[in-house]
Amino acid sequence: MMLAAGLALAGVAGGASAQAAAPSAGPATSATAAPSGLRPADANQGQAGGTVQKADAAPAAPALAMDGAPAMDARVVSTGPKIGQPVDGVIHIQPQVTKNGLRAHWFHDRILFPLITIISLFVLALLVFVVIRFRASRNPTPSKTSHNTAIEVVWTLAPVLILVAIAVPSIGLLQAQFRPAPAGAVTLKAIGNQWFWSYQYPDHGGIEITANMLKEGNQVAAGERARSDADGPRLLATDNRVVLPVGVPIRLITTANDVIHSWAVPAFWIKLDAIPGRLNETSFTIDKPGLYFGQCSELCGARHAFMPIAVEAVPPAQFAAWVRAKGGSMPAAGKPSDKVIPQPGADGSAAVMDEAAMSNALTGPTENGTDTPTPSPQGATGNPGGVGEAGR
């Protein structure tokens, strides 16, 4: 009891002294003030790839990404409609916020689902009819009919017509998903690592971020930041979020540093494999601002389930402010992407081409060489793409 009373008195005294000291603090100068709508970059980054925040330096708004990303309206994340994330008790496709997603959603609801329902009910009716009409008690002497031309024509043509009806919109949707991005698109390079994502913005001054999953409060060490409800759902919230503009075409390029991963955000209707030594590309345009979540969708190792994706879709002006806050620059309006997107180790990468040119200059070109390849230092858990949670 005496100890509790002493602690209580100390707390009261500490609070009073803090209130007394508060007025003495001068106003923030223009040199230290953060840009409007942005949070200053956290100075405690860099431990195990996740952002570490001191317990006495809690963010003003938990919905902020920890690297100076623009502020999200906490109401949109915590109490607004749950768009861009799974919802308890709902069995359906997530609401779509891209043109291709809306097209695919219509295709599912208006063609595939009704068609498969009709076929299932028809097959069920046939089975019930056969069980009743041709049961042994009613047909002691089974029919020996082996061919019926009309039925055989029908059950051959009907599936063909059904497949054609499905193929026409399906092929159009597939073509739209891999249409090249137009000039002026924002290029985002997503790199899969075991087990975290790293991102690059080649057209915006080479901005790079690393995104690790935020752990729960009972899983973090003292001083580390834990997930809050404003950060997003459990197993989906990340310390650093991808920031993309609304209404601007996005050119997504995926690759990996170790094994095959897959960058998937259901609300964008995007699922693109990230393969070591290859660059896969697609494009999409986000129609609505908000916070959207996804996960790695290719089995990639022991911590495959802990590679979430979090994307903040913001107005273009806010995206430009974030780029400047990160030390990047905005390209000229409508200018095609002219940055080299290298993939380490790929046959056509700049590094490999330069090495081949230097080798040819020194020793001359070789044919059918038998040189033993040099083992790559890139291990399965080496995480060469950035600082991340290496196998923890």
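Here are the numbers for the structure shown:
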item: Cα-based shape type of the range 162-297, given that a ≥ b ≥ c are square roots of the gyration tensor eigenvalues and the cut on a/c is 1.5; result: prolate
item: Cβ crowding within 10 Å averaged over residues, with 273-285, 151-163 ranked highest first; result: 273-285, 151-163
item: Charge context of Ile171, other residues only, Cβ under 15 angstrom, K/R +1, D/E -1; result: +2
item: Over 20 Å (Cα to Cα) - which of Lys99/Lys271; Lys189/Lys339; Lys288/Lys335 fall in this group; result: Lys288/Lys335
item: Cα gyration tensor category, rounded, prolate or oblate, for the range 119-171 with a/c compared to 1.5; result: oblate
item: Cα centroid of the range 164-188 to Cα centroid of the range 119-159, whole Å; result: 42
item: For peptides 190-200, 98-108, sequence by mean Cβ density within 10 Å, most packed first; result: 190-200, 98-108
item: Share, in percent, of DSSP beta bridges within the range 140-260 that are antiparallel, nearest 5; result: 60
item: Rounded if a/c under 1.5, otherwise prolate or oblate - the range 141-226, Cα gyration tensor axes; result: oblate
item: Per-residue Cβ neighbour rank within 10 angstrom, fewest leading, Met307, Met330, Met213, Met358; result: Met358, Met330, Met213, Met307
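None of the figures in this text is laboratory data; all of them are computed from the coordinates on show. If you're wondering where the values come from, they're calculated on a predicted model, not measured in any experiment. So basically every Cβ, Gly included, is an ideal-geometry build from the backbone, and we count neighbours across all protein chains shown.
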